[in-house]
Structure formats: C-alpha cells, structure tokens
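Student: The structure is given below, and queries will be raised subsequently.
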Amino acid sequence: MIELIMQNVGLLTLLFLVTLGYTVGTLVEKRHYRSLMKREQALLTLPAVTIKHDQSVDEIRGSMMVSGSAVISIDYFKRFLARLRNIFGGRVKSYETLVDRSRREAILRMKASAPGAAIIVNMRLETAAIGNSANQKRMIGSVETLAYGTAIWLRTSPTSEAPLKI
Amino acid sequence: MKFKPRPLARNVNVSQGSRLWDLCLLLSGMVAGLVLLFILAGFFVDSLVKFIPPSYEDLLGHHLTNNLDLSEDPRLDHILQRLEGEFAPDEANHTRHFRIGIIDREEINAVALPGGTIVVFSGLLKEVASENELAMIVGHELGHFAHQDHLTRLGRVLLFGIASRLVLGEAISSRLTAFFTRTLHASYSRRQETAADLYGLSLLVKAYGHAGGAVDFFIRIAERRRSGRLAHLVASHPHPEDRIEILKKTIQAKGWPVSSKIALPETPPP
Amino acid sequence: MYITNIETIPGKTIVEHYGLVQGSTVRAKHIGRDFMASLKNLVGGELKGYTELLGDARKEAVERMKAQASQLGANAVVNVRFATSSVAQGAAELFAYGTAVRVE
C-alpha cells in the first residue's frame, strides 16, 4: 500500500490540490456572491451607464471621474478544469464566474467611491487577462477589472448634503 | 429620460450546470483519448520494430551499453553457451550474438538491453542457489530478445510520452502521464513477462533435460517480498505467486520431469 | 431589441433607462484547431477556425447582454462596447456591455 502511494505521489498531489481548490474555492465564491448581491441591492439607486447624460447644466452641483478595480484569483480546480477544456475546446465555464465576480466587484467599488452621486456616466470597463501564464506551473493566475466613469452630483438630489470630493 | 432601478434576478453570465460533472466528462474524455493513444502508439511501434535491422539495433545497443561497467563471469558465459545451443534454427535468436555480464548493484534484477546484452545485477546473483535457477533467469531474458520486448518497450514508452505531451501540454502531462504510462503499460508488460517466462522454461528443459530449478528462485523471492496484491495491479511484473503457478502448470501439462539441480560453483577467482 | 453603439436610437426617444447591462463568455479552442493554426502561422493568411470561434463567442456575449436587458424590461441597448481579452492560454473572453433603455 505504502509502495503504491509512493509510486503515485504526483497524482495524489494533484488530487489533493484539486479537491482543496474545489471545496475552498466554492466556499469563497459563494460568500463573495452573497456579499456582491447585498451591496448591489444597497447601491441599486445609483446607476452606471455607458451613455453621456444630458442633464441641464444648472442642476449639476459637480462631477468627478471615479474608478474601481478588483483582482480575483483563480483556484486550482478552476485552473485544472480550464486546462482540460483547452484540449477539447468549448465554453470555459470555470472562468465565467471569475470574470463575472471581478467585474461586478469593480463596478461596486467605483459606485462606492461616489457617495451621494446621482449617476455615473460614460462608464467604461477594462479587463486585464488572467495572466497568459495562468496555465503554467507556479504562475499566478488572476483577472483584473477596472471600471471608470464620470460621477455627477445634482443640486436637487435628496442626498445633496453628502460630501462631494472635488 | 428617467432612471428606473430594477434588480437582476438571474445571472446570465454564468453557465448553468455542475462544475464537477464537467470535470467528470472532461476527465473521462481525456482518459479515453490516452488509452486510444497508447493503443495506437503500441500498434505503431510493434509493427515498426519488425523492420529494424539487427545491425542497426546492435549499433544502438553499442552506444547504450558502451559505458556500462559490465564484468564478465565464466559461470554466466557457460550457461549462456549451453542455452544458445538450444535455439530453434528458424528463430531470430539463432543468428544473433549475445553478451552477458554482471553489474554491481544490490537490486534483485536482470535486464535485456538492445544489441543483445544481458545484464545480471550482483544482488540477484547472491540470491541464486543453483545453475538451473540462473539458467531459467537467463532464458527469461533471452525470451525478451526472442519476442523483441526490449525494443517494443522502449519504443512504446518513448512514443506515448512524446505524443501525450504534445496533446495534453507540459503542465498536465507531467503529473498524469507518468501514472497512465505505468498503469496502461503494466498489463501489457505483465503479458510480456509471462511469455518470456514460458520461453525461458522451454529453453531450460531443452538444455538440461528437466525442469528442475524453474520455480525455486521465484518461490524464494515470493517469500521474501510479501507485497500486497493491490500494488501488483500496476506493477510491471506479475505477482511472483502467479508466475510460480503458471510455470508449475506448464511443467505439469507438458509432463516435464523435475530432477536434481546442479550446484552453482563459488565465486570464481578474478 | 435595438442595439446601437451611439447614445440614442435614431428616430426613437428614450423614455427610461435601467443602468448597465453586460454579457460575457470565455471560450477555448480544441487541440485540432490549435494545431492547424500553428501550421497556418508558417504561411500566414486568415485563421478561419479562430474567426468562427470568436464570432460565435461574441454573438453569445451579445445574447447574454440582451437577456439581461430584457430581464430589466428594456427594449433597447445603447452605446454598446465590445472588449476581448485573452484569458489564459488558448482561451479568449468576449465581453459586451451597454446601457439598457426603453424607447418609444
């Protein structure tokens, strides 16, 4: 038995890392999604849009560029699944949650940096690759998203007493 | 234009379905692919090996075994000569030239190398009690040459290793292929070993007139190494007890006599 | 559903907007395509397999964005932007985002 274990150290390490990645990774992801949903609900009244807003000039109290970014790491299970997927092709489901999480987190951070604003206009999203080295051994695999836009504060806004950091 | 805040109930950017199920599908697909690759590589190598001329193999073997520290032993040469006289005139071994020698290593093993070189480890020589036992081992290695196992094994492992590395990429293959090569190769290799055992046995009987000493060595090893059956599922050699059983059955079926063995002379003076 | 990459839908008026909508997908190509592409790399020319794959993926990203928009009750997405990032070796992420609106 011990002989058998000794012969397959590589395989057992892989099995252990994949199991660890799956259990802990799933736990972390579930918690992150819960937190995302809660904060999104709280910031629901602050829209971020890709269009240039045409508010009439006198209503505006001020505006400022705001941004938020997040780097989310992959786990061993996701990486292993993606490597296998690379052989057969198709939808890489394991990375979908990753980009989704990092994007939503970045948008939330951007929104959180504009307290009291009425709207964030001309918002753009920028995604940096999960590192081209993510498939290689001992390389850090992660996805970075940057969200940026122009936050607009209104005079008539109900929260106009809120600080305007200009 | 007015803003209407509305929550999103469903996340459309994440595909439905369990990731574990995904993993199962992909893994089974990969294993199936590897098995297919192994069979193809084996078929390719086996049919190619027939076309390798002995002269080229000798050249290759010469390069491989040139810097081996092989010491000669008159007892081994004597056994080899005796067995060589018994080759059937139509088999490949008949026209070949063999070389035998000892390497100073504790392992209980003997190997057949390309180019007709048989290497006996000194650890094995210590365990051997009679000339007949040693003749059985040398006969077994000659069996590998007769079936060209020494080439197919090398070729299979080499080709499968390269092919799987190309398909799977370095990262996965380094951890997985080692296991699969061993597991897949094990059953094939065990068949080879059994065939070589039977070849060695018939050669032993032809040379010595009886089957004495054919199983003694394996019995001793089996008692020494009581490894579990589980480990032998992936081992390259059959379980010693299985080898003994097959050999005994063959001896019984053919009705070969089992007479007394010739004692192996003590270590000759250098 | 109307999709544009300008601020408005020409000939329509935007009455309501619902904020950002996004759609993304990560796709990998299989070994065979990879192999063919590496051969094509020797002589140049269009990688038809890759064009097709990325086209399909982009279509799916737009579909997902539209699905989000209809969840919000929108009938148009304006000022749509595309982004492509090479996510890991041999895989690409296609991303589309815009502002969900209702037009009349």
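Please treat every number below as a calculation from the coordinates, not as lab data. None of these values were measured; they are calculated from a predicted model. Glycine gets a Cβ as well: all are built from the backbone with ideal geometry, and neighbour counts include every protein chain shown.
Student: Semi-axes of region B:9-145's equivalent ellipsoid from the Cα gyration tensor, sqrt of 5 times each eigenvalue, largest first, rounded to whole Å? Walk me through the numbers before you get to the answer.
Tutor: Details: eigenvalues 463, 82, 40 Å².
Computed over region B:9-145, the values are 48, 20, 14 Å.
Student: To continue, here is another question. Checking the cross-link filter: which lysines have an alpha carbon closer than 30 Å to that of B:Lys248, excluding same-chain neighbours under 8 positions apart?
Tutor: Cα-Cα hits under 30 Å: B:Lys126, B:Lys206, B:Lys261.
Student: For region C:20-99, treating each Cα as an identical point scatterer without solvent, what Debye log10 I(q)/I(0) comes out at q = 0.24, 0.27 1/Å?
Tutor: -1.04, -1.20
Student: Separate question: Using a 10 Å cut-off on Cβ to Cβ distances, tally the other chain neighbours for every residue of C:79-85 and report the average as a whole number.
Tutor: 4
Student: Which ordering of A:Ile60, B:Ile39, A:Ile74 is given by a fewest-first count of other beta-carbon atoms within 10 Å?
Tutor: B:Ile39, A:Ile60, A:Ile74
Student: Let me ask something else. If you take every residue apart from A:Gly149 with its C-beta less than 11 Å away from the C-beta of A:Gly149, what net charge results, scoring Lys and Arg +1 and Asp and Glu -1?
Tutor: That works out to +3.
Student: Take every DSSP beta bridge with both residues inside region B:20-254 and express the antiparallel ones as a percent of the total, to the nearest 5.
Tutor: Numbers: 5 of 10 bridges.
Looking only at bridges with both residues in region B:20-254, the antiparallel portion is about 50 percent.
Student: Run through all the Cα pairs of region A:2-154 and give the fraction in each 5 Å bin from 0, expressed as whole percent.
Tutor: In order of increasing distance, the bins hold 2, 9, 14, 16, 14, 12, 10, 8, 5, 4, 3, 2, 1, 1, 0, 0, 0 percent.
Student: If you take the Cα Rg of the protein assembly as shown and divide it by 2.2 N^0.38 Å, with N the number of residues, what do you get?
Tutor: 1.48
Student: Which log10 I(q)/I(0) values, to two decimals, does region B:52-101 give at q = 0.19, 0.20, 0.27 Å⁻¹ under the Debye formula with one point per Cα?
Tutor: Debye output, listed in q order: -0.79, -0.85, -1.07.
Student: Quick one: A:Trp153, B:Trp256, fewest Cβ neighbours within 10 Å first, how do they rank? Numbers along the way, then the final one.
Tutor: Values: A:Trp153 24, B:Trp256 18.
Sorted ascending by nearby Cβ count, the order is B:Trp256, A:Trp153.
Student: Across chain B, where is the longest run that never hits trypsin sites (Lys or Arg not before Pro) in a DSSP loop with at most 15 other C-beta atoms within 10 Å?
Tutor: Values: sites that count: B:Arg10, B:Lys50, B:Arg105, B:Arg225, B:Arg226, B:Arg229.
With trypsin sites (Lys or Arg not before Pro) excluded where exposed in loops, chain B gives B:106-224 as its longest stretch.
Student: Would you tally the net charge around A:Ile72, using a Cβ to Cβ cut-off of less than 9 Å, leaving A:Ile72 out, and scoring K and R as +1, D and E as -1?
Tutor: Charge balance near A:Ile72 sits at -1.
Student: OK, next. Could you tell me which GluC sites (Glu not before Pro) in region C:41-80 are loop residues by DSSP with no more than 11 other beta carbons within 10 angstrom of their beta carbon?
Tutor: When the GluC sites (Glu not before Pro) of region C:41-80 are filtered for loop state and at most 11 Cβ neighbours within 10 Å, C:Glu46 remain.
Student: Checking understanding here: applying a Kyte-Doolittle mean of at least -1.0 and a length along the axis of at least 30 Å (C-alpha), which whole DSSP H helices in chain B pass?
Tutor: In chain B, the long hydrophobic H runs are B:19-49, B:170-208.
Student: Run the numbers for B:Leu8 and B:Val31: contour at 0.36 nm per residue of separation, minus the present Cα-Cα distance, in nm. Numbers along the way, then the final one.
Tutor: On the way: separation 23, 0.36 × 23 = 8.28 nm, distance 4.05 nm.
So the chain would gain 4.2 nm between B:Leu8 and B:Val31.
Student: Could I ask something else about it? Largest first, please: the extent of the C-alpha atoms of region B:20-254 along each principal axis, to the nearest Å.
Tutor: 61, 41, 35
Student: Below 13 angstrom from the Cβ of B:Leu159, what's the summed charge of the other residues (Lys, Arg +1; Asp, Glu -1)?
Tutor: Summing Lys and Arg as +1 and Asp and Glu as -1 gives +2.
Student: Measure up A:Lys93/C:Lys48; A:Lys38/A:Lys78; B:Lys4/C:Lys29; A:Lys38/C:Lys66; A:Lys30/B:Lys4 against 31 Å on the Cα-Cα distance and list the ones that go over.
Tutor: B:Lys4/C:Lys29
Student: So, one more: Output needed: percent of Cα pairs per 5 Å distance bin for region A:73-116, bins running from 0 to the one holding the longest distance.
Tutor: 5, 21, 20, 16, 12, 10, 7, 5, 3, 1
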